[in-house]
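The values are calculated or read from the model by the stated rules, or taken from the named source; none is laboratory data. For clarity, every value in this text was computed on a predicted model and none was experimentally measured. Ideal geometry is used to build each Cβ from the backbone, glycine not excepted, and the neighbour counts take in all protein chains shown.
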Amino acid sequence: MFSFLHPKSFNPKTDIPSLDGKVILVTGANAGLGKQCVLEYSRHQPKQIWLAARNLKKAQTAVGEIKKLVPDAPIKLLELDLSSFESIKKAARAFLSESDRLDILMCNAGIMAVPPGQTKDGYEIQFGTNHLGHALLTKLLLPALEATAKLPGADVRVISVSSFGHTNWPKGGFRFDLLKSSAPDLGSYKCYFQSKLANALWARQLAKEYPQFGVAAIHPGLVQTSLMDRATATPWIVRTLTNLAYPLLPSVSDGARNQLWASVSNEVRGKPGEYWVPVGVLDGASDDAKDDDLAKVLWDWTEKELKDISL
């Protein structure tokens, strides 16, 4: 399935071009892949990086650790809880009050295999956080994204961090009938897989709706992050096997390369909205994740759910 023998060579320290004058926002950036992206972007002189996170105390610690390596990193904290529309609105207002441009929006945050639950607005917790939260954030930040895309030499990117887990969702589309419940009968992993399919298809349709943006969905690979630690609904045997395999997994610095690559690669511009595995390999998407009709169905459902939400 994966073309592991032909990955792109990509070193963030040398292959990310100058980011002079650019504004970047990374969600879920207080740890793991998001934090690593902030660090790597910081090395290339952007105008500003917004580090968005639910826990500002942990985010402040992350900033301190990044600044030990890049003392002049232009980081600004942004409190953001993707499971709350009100928090997303507040974050978007805070961003737009200070910046009229946004060059890279990295939709990185996510939860995995948590117990059944619902967001503050009543949606299944993983779908609501991983998909709807990012969809609303992007929708509210469109004024900055669209304005930036009109600037000379602009290269606006929106990156959606999906997962190969989306291929484990049964073929045939979404369980829209369960998305306004905790969906306990689906199980925590199926809820996660469904949300990751949504991440891939949303990027596919976003690229069609806004062709002026460079859009990609990516799979970071299995990486040494804390995501599994927060997967509290994971069976003990799976957790045990994961812990045993953990030392063999790629580091966070390696794991972040695919989404960093997607945020600057010219190849993404030529294949808008596609799904990429590490690093820069166009492979691994399920049939559903390549279904343009299903992407439009998800897009229309999402737009209907969010239509009355504004700043």
Legend entry - Total residues in region 78-116, condition part of a loop (DSSP other than H, G, I, E, B), surrounded by 17 or more Cβ atoms within 10 Å (Cβ to Cβ) and not acidic (Asp, Glu): 15
Legend entry - Wholly within region 211-296, helices (runs of 4 or more DSSP H) carrying at least 1 residues that are modelled with pLDDT of 55 or more: 252-255, 257-262, 266-270
Legend entry - Search result, residues across region 45-58 that are assigned to a loop (DSSP other than H, G, I, E, B) and either crowded, with 17+ Cβ neighbours inside 10 Å or at pLDDT below 95 (or both): 54
Inset, instruction - List every residue pair whose Cβ atoms sit under 6 Å apart, with the two residues 6 or more apart in sequence or on different chains, where the first one lies in region 191-210 and is part of a helix (DSSP H, G or I) and the second, anywhere, is β-branched (Val, Ile, Thr). - result: 203/215; 206/215; 207/215
Legend entry - Options 16, 88: the member that is in contact with an Asp or Glu (Cβ under 9 Å, 6 or more places away or on another chain), within 18 Å of residue 258 (Cβ to Cβ) and aliphatic (A, V, I, L, M): 16
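Yes or no, residue by residue, for (1) more than 12 Å from the chain's Cα centre (by Cα); (2) more than 23 Å from residue 183 (Cα to Cα):
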residue: 118; (1), (2): yes, no
residue: 123; (1), (2): yes, no
residue: 127; (1), (2): yes, no
residue: 134; (1), (2): no, no
residue: 138; (1), (2): no, yes
residue: 145; (1), (2): yes, yes
residue: 158; (1), (2): no, yes
Inset, instruction - Would you mind stating whether residue 56 is without any contact (Cβ under 8 Å) to a residue 40 or more places away in the chain and of a type outside the set (D, E, K, R)? - result: yes
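Condition check ((1) out of contact with any strand residue (DSSP E or B) (no Cβ under 8 Å at 6 or more places or on another chain); (2) over 14 Å from residue 260 (Cβ atoms)) across all residues:
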{"site": "39", "(1), (2)": "yes, no"}
{"site": "68", "(1), (2)": "yes, yes"}
{"site": "71", "(1), (2)": "yes, yes"}
{"site": "78", "(1), (2)": "no, yes"}
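Based on what the data block shows, is residue 67 surrounded by 17 or more Cβ atoms within 10 Å (Cβ to Cβ), basic (Lys, Arg) and outside any strand (DSSP E or B)?
Details: surrounded by 17 or more Cβ atoms within 10 Å (Cβ to Cβ): no; basic (Lys, Arg): yes; outside any strand (DSSP E or B): yes.
Judged against the criteria, residue 67 is not a match.
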Legend entry - Selection count where residues are crowded, with 21+ Cβ neighbours inside 10 Å and either assigned to a loop (DSSP other than H, G, I, E, B) or in contact with a strand residue (DSSP E or B) (Cβ under 6 Å, 6 or more places away or on another chain) (or both), scope region 162-184: 5
